[in-house]
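Student: Here it is, the structure in full.
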Amino acid sequence: MSAPTTGHPNEARMAKITYIEHNGTEHVVEVANGLTVMEGARDNSIPGIDADCGGACACSTCHAYIHPDWVDRLPAIEDMEADMLDFAYATDPKRSRLTCQVKVTDALDGLIVQMPEKQI
């Protein structure tokens, strides 16, 4: 369920996202709709998502694994993301995504992502 809002028209709606480091450390944060999952990690200083290109889908250092319960709820991978995933470390054909390509919406409230052991 999305975080409650006051109804103010300029108030950003938020989705709760759980980021799990490779060592198992969990970070549960609220990320504003319209940002990407990568921006949520970066803005909250969560380790494991480097995002060297700043979200331009040009480096694959924001690679993460989507929790199995969420894989089918995300928009399909587009060609550019699929091409960049070829360069990511230890990809999983079903669960790997570039977090810079996953836009936060109300539908992603509760999303769980896990970081790989390392980025390239």
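The values are calculated or read from the model by the stated rules, or taken from the named source; none is laboratory data. As the structure is a prediction and not an experimental result, all values here were calculated from the model. We place every Cβ from the backbone using ideal geometry, glycine too, and count neighbours over all the protein chains shown.
Student: Do we have any residue at all in the range 67-77 that's on the phi < 0 side of the Ramachandran plot, among the hydrophobic types (A, V, I, L, M, F, W, C) and in contact with a Cys (Cβ under 6 Å, 6 or more places away or on another chain)? Lay out the reasoning, then the answer.
Tutor: Here is the first cut: in the range 67-77, the ones on the phi < 0 side of the Ramachandran plot are 67-77.
If we keep only those that are among the hydrophobic types (A, V, I, L, M, F, W, C) as well, we get 70-71, 74, 76-77.
Within this subset, residues satisfying the condition of being in contact with a Cys (Cβ under 6 Å, 6 or more places away or on another chain) are none.
No - not one qualifying residue is present in the range 67-77.
Student: Next up: Report, by residue number, each residue of the range 71-111 that is surrounded by fewer than 18 Cβ atoms within 10 Å (Cβ to Cβ) and among the hydrophobic types (A, V, I, L, M, F, W, C).
Tutor: Residues satisfying the conditions are 71, 74, 76, 77, 80, 82, 87, 90, 107.
Student: So which residues in the range 61-72 are part of a helix (DSSP H, G or I) and within 13 Å of the chain's Cα centre (by Cα), if there are any at all? So that I can check it myself, show each step before the final result.
Tutor: Start the filter on the range 61-72 by keeping residues that are part of a helix (DSSP H, G or I), which leaves 71-72.
Matches in the range 61-72: 71 only.
Student: Moving to a separate point now. Filter the range 75-120 down to the residues that are part of a strand (DSSP E or B) and under 21 Å from residue 52 (Cβ atoms) and list them by number.
Tutor: Taking the range 75-120 first, the residues part of a strand (DSSP E or B) are 96-98, 103, 111-114.
Correct list: 96, 97, 98, 103, 113, 114.
Student: Identify, from the list 44, 10, the residue that is at pLDDT 95 or above, surrounded by fewer than 19 Cβ atoms within 10 Å (Cβ to Cβ) and either polar (S, T, N, Q) or more than 11 Å from the chain's Cα centre (by Cα) (or both). Even if it seems obvious, please write down each step before you answer.
Tutor: Details: 10 fails: at pLDDT 95 or above.
Exactly one residue qualifies, and that residue is 44.
Student: Continuing with the same structure: Here is a list of conditions, (1) touching a residue at least 12 places away in the same chain (Cβ under 8 Å); (2) out of contact with any Lys or Arg (no Cβ under 9 Å at 6 or more places or on another chain), and residue 74 meets all of them except one; can you say which number that is?
Tutor: Single failed check for residue 74: (2).
Student: Of the residues in the range 78-119, how many are in contact (Cβ under 8 Å) with a residue 40 or more places away in the chain, under 19 Å from residue 56 (Cβ atoms) and out of contact with any His (no Cβ under 8 Å at 6 or more places or on another chain)?
Tutor: Result for the range 78-119: 5.
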